[in-house]
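Remarks on the structure that follows.
The values are calculated or read from the model by the stated rules, or taken from the named source; none is laboratory data. The model shown is predicted, which means the values in this text are computed figures rather than measured ones. Cβ atoms come from the backbone with ideal geometry, glycine included; neighbour counts cover every protein chain shown.
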Amino acid sequence: MARLYLFAIGGTGARVLKSLTFLLAAGVKPGGRNTYEIVPVIIDPHKSNEDLKRTERLLEDYEAITKAAGVDNGFFGTRITTLKNLVSTDGRLTGSSFTCNLQQVAGKKFREYIDFSSLEPPTRALADILFSGKTINKRHDEVDLLDIEMDIGFVGNPNIGSVVLNQFKDSEEFKEIASNFNADDRIFIISSIFGGTGAAGFPIILKNIRDAMSNAAIDGKGFLQNAKIGALTVLPYFNVEKDADSPIQKSDFIAKTKAALYYYKDNVTGNQSVNTMYYIADTFSGKPYKNDPGDNGQKNSAHFIELASALAIIDFLKIPDAELETVEGSARRPVYKEFSILNDAAEITFGDFEDYTSQLIGFPLSQFALFRKYVNEQLDQSVEKEPWSLDKPLVDRQFLDDSFFRTHLSGFLSSWDDWLKEMAENRRAFAPFNTGAGLDVLVKGKTVKTGWFTPKVNYPYYNGCLNKMAKGQKYPDAEQKLLRLFFNTTAQMLTSRFGFK
Amino acid sequence: MNDFFASLYELFGIAPFYSSDMGDHLRGWDITCSDFIATPWYTYIGLIMIGITLFVYMLQYHIIDRSDWSKRRHWWMFALLAVLLNFSIAFTIPYNAVQAGEYCNQLIIGFSDCMGFAFSNALWSFLLFLIITTIPVFRQFSVNCSHTTFWKP
């Protein structure tokens with residue numbers, strides 16, 4: 001099976017990866033005829049970043065679910081694996097499951113990282129010029145840029161990020177990716193352009209991949225140099241609270257974006273390093289985020305733009321190989337893409353999407369929402385009572401107490417709730433579901449018709465559909481049964497009663 | 001067949017549920033008190049009892065067959081329906097005959113005999129419903145009630 005090595009850089013990278021994980025859990029299939037195994041590589045030196053930690057937990061739950069139930073059940077239909085799982089030699093990769101273990105920068109000033117005091121005088125003078133200026137540290141004291149402590153990230157300073165993240169080319173992770181990379185595999189890089197980590201990390205990673213031939217420390221150079229690479233750069237899309245003491249200012253977003261785009265013009269798009277480049281942005285002036293340079297953990301609410309960004313990855317995997325030809329590290333026919341919605345709505349529902357997007361995600365997300373709603377509101381009352389639960393393999397109380405359900409699936413579904421809630425409360429909002437309302441009005445814009453011969457869509461009806469679907473079916477184990485049965489049943493309910501095609 | 005049903009009902013019918021005169025009437029002892037040539041009520045009522053019980057079973061397990069009618073308490077409701085219907089029929093038929101004087105006048109049949117037979121019929125109906133729904137072979141064809149019995153779910 002071909003693989004997609006997915007580099008998620010910085011906080012935005014982690015949040016886009018989170019959105020992608022939910023799409024894959026809902027059954028959105030990346031790839032056209034090909035199926036892909038996703039290998040996420042999160043790059044963020046800010047280890048205490050809450051967005052990063054939430055995404056890591058989510059990926060761990062996803063991986064545990066697919067390990068137990070496989071990927072042939074509709075939901076969780078794409079394998080996500082860690083780089084560690086691909087490596088035959090134990091102990092070579094020391095980072096956490098999905099995160100690239102960059103040399104620890106925690107508690108270290110940038111001055112110490114570059115060993116400023118040992119530099120030759122001319123080099124030191126150059127470094128002084130390149131890293132002149134002021135910023136604030138995690139105690140909100142104004143300090144020289146060289147004295148920034150990097151355990152809260154690069155605080156919107158890509159010039160520092162580019163130096164620190166350049167260690168990626170010497171990392172064990174990069175060597176392992178190179179030696180495992182095959183001709184059919186693809187690479188996708190997610191970054192934001194208006195911060196520090198993503199803006200710095202994207203060109204560096206891209207350059208190291210395309211310049212693989214000149215890296216003596218790695219194998220598989222040829223495949224890597226001519227890899228099919230897609231990239232997503234997220235332009236400013238959210239607002240932050242005004243805080244004169246913070247180095248993060250909304251007014252800087254556009255200037256930083258322009259500067260980075262100018263750099264990309266020559267070094268990313270100009271030299272045709274990327275086969276498909278996705279730009280995404282939103283000028284909607286919405287609810288401002290708390291101005292947190294990183295010292296409070298940087299936990300930003302999920303945003304629709306991150307979901308739309310995740311669609312770029314799905315789109316990239318649908319592009320045929322022939323259109324992604326690369327020769328000597330240069331894309332033959334680079335393509336640049338954007339994303340739009342049908343209506344400029346402050347609160348987006350599926351009806352505000354173009355048909356293609358609506359079909360791509362509306363149906364699977366609604367399936368997963370129906371599944372989630374049942375687990376949340378009805379499962380406890382149905383277990384060991386309904387035939388679908390009592391037929392073998394049993395979905396009984398013991399199953400609900402096992403780690404598959406109690407830890408991983410419940411954890412994942414709880415994160416799904418948070419994700420939907422955060423997107424619904426954000427501005428611009430994405431709120432396609434009435435999660436607190438009845439089953440029949442769950443999907444906004446979809447009316448369930450009832451009459452003399454068409455029963456109401458409620459839990460008895462839902463149970464009836466589950467029982468009918470499960471009747472006579474053989475399932476290898478309870479884990480597969482739960483996922484496959486709900487996937488098929490929700491699909492049937494949505495097409496027969498909710499008006500989905 | 002009459003003997004078969006008679007043996008069933010009289011298994012706990014002769015004493016204490018109803019008298020042997022009632023048993024003779026149900027066997028078909030004719031109005032002239034000469035032979036068992038009148039209506040064989042044991043057979044008729046027995047067949048009706050089986051038919052009604054099967055219908056009630058079909059009603060819950062295969063006609064209604066809904067998730068919200070598949071719990072233990074619903075089983076007891078349908079069992080009660082079968083019991084009541086069979087009790088009513090087994091009471092009404094002999095009671096009407098007695099009231100109309102359409103039986104051998106040498107037999108002594110009273111209200112309590114009619115009640116006793118009705119109770120006996122209701123009991124057999126209950127047992128039959130219990131047996132049909134306990135053996136999985138029949139209910140396995142139900143979508144929503146394939147696990148419904150008197151004790152679960």
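State whether one or more residues within the stretch A:423-438 are more than 27 Å from the chain's Cα centre (by Cα), loosely packed, with under 14 Cβ neighbours inside 10 Å, without any contact (Cβ under 8 Å) to a residue 24 or more places away in the chain and within 14 Å of another protein chain (Cβ to nearest Cβ). Within the stretch A:423-438, not a single residue is more than 27 Å from the chain's Cα centre (by Cα), loosely packed, with under 14 Cβ neighbours inside 10 Å, without any contact (Cβ under 8 Å) to a residue 24 or more places away in the chain and within 14 Å of another protein chain (Cβ to nearest Cβ).
Picking from residues in the stretch A:466-496 that are of a type in the set (Lys, Arg) and more than 32 Å from the chain's Cα centre (by Cα), the one that is nearest to A:LEU370 (Cα to Cα) is A:LYS468.
Taking A:ASP211, is it at pLDDT 85 or above, under 30 Å from A:VAL327 (Cα atoms) and among the acidic types (Asp, Glu)? Yes: the conditions hold for A:ASP211. Taking the numbered list (1) polar (S, T, N, Q); (2) over 28 Å from A:ARG397 (Cα atoms); (3) crowded, with 21+ Cβ neighbours inside 10 Å in turn, A:SER415 passes all entries but (2). Checked against (1) closer than 23 Å to B:ARG139 by Cβ; (2) under 31 Å from the mean Cα position of the chain (by Cα); (3) among the polar types (S, T, N, Q), A:ASN463 passes all but a single condition, namely (2). Within this structure, A:LYS169 fails the test of being within 27 Å of A:PHE316 (Cα to Cα) and modelled with pLDDT under 75.
Here A:ILE218 passes the criteria (1) without any contact (Cβ under 8 Å) to a residue 60 or more places away in the chain; (2) in a helix (DSSP H, G or I); (3) over 20 Å from the mean Cα position of the chain (by Cα) except the one numbered (2).
Do the conditions hold for A:ARG33, that is, is it at pLDDT 90 or above and either of a type in the set (Gly, Ala, Ser) or surrounded by fewer than 20 Cβ atoms within 10 Å (Cβ to Cβ) (or both)?
In short, no.
In summary, A:LEU390 fulfils each of the numbered conditions (1) over 23 Å from B:THR148 (Cα atoms); (2) hydrophobic (A, V, I, L, M, F, W, C); (3) in contact with a His (Cβ under 9 Å, 6 or more places away or on another chain) with the single exception of condition (1). Residue count for the stretch A:455-492 satisfying the condition of being away from chain B (no Cβ under 13 Å), surrounded by fewer than 16 Cβ atoms within 10 Å (Cβ to Cβ) and in a loop (DSSP other than H, G, I, E, B): 3.
The lone criterion from (1) in contact with a helix residue (DSSP H, G or I) (Cβ under 7 Å, 6 or more places away or on another chain); (2) of a type outside the set (A, V, I, L, M, F, W, C); (3) at pLDDT 85 or above left unmet by A:LYS109 is number (3). Residues considered: A:PHE368, A:PHE339. Of these, the only one that is assigned to a helix (DSSP H, G or I) and not aliphatic (A, V, I, L, M) is A:PHE368. Restricting the stretch A:352-393 to residues that are exposed (fewer than 15 other Cβ atoms within 10 Å of the Cβ) and within 14 Å of chain B (Cβ to nearest Cβ) leaves a set whose member that is farthest from the chain's Cα centre (by Cα) is A:LYS392.
Considering only residues in the stretch A:439-449 that are away from chain B (no Cβ under 14 Å) and farther than 30 Å from A:GLY286 by Cβ, the one that is modelled with the highest pLDDT turns out to be A:ASP440.
Only a single criterion out of (1) hydrophobic (A, V, I, L, M, F, W, C); (2) at pLDDT below 95; (3) buried (at least 18 other Cβ atoms within 10 Å of the Cβ) is not satisfied by A:TRP452, namely (3).
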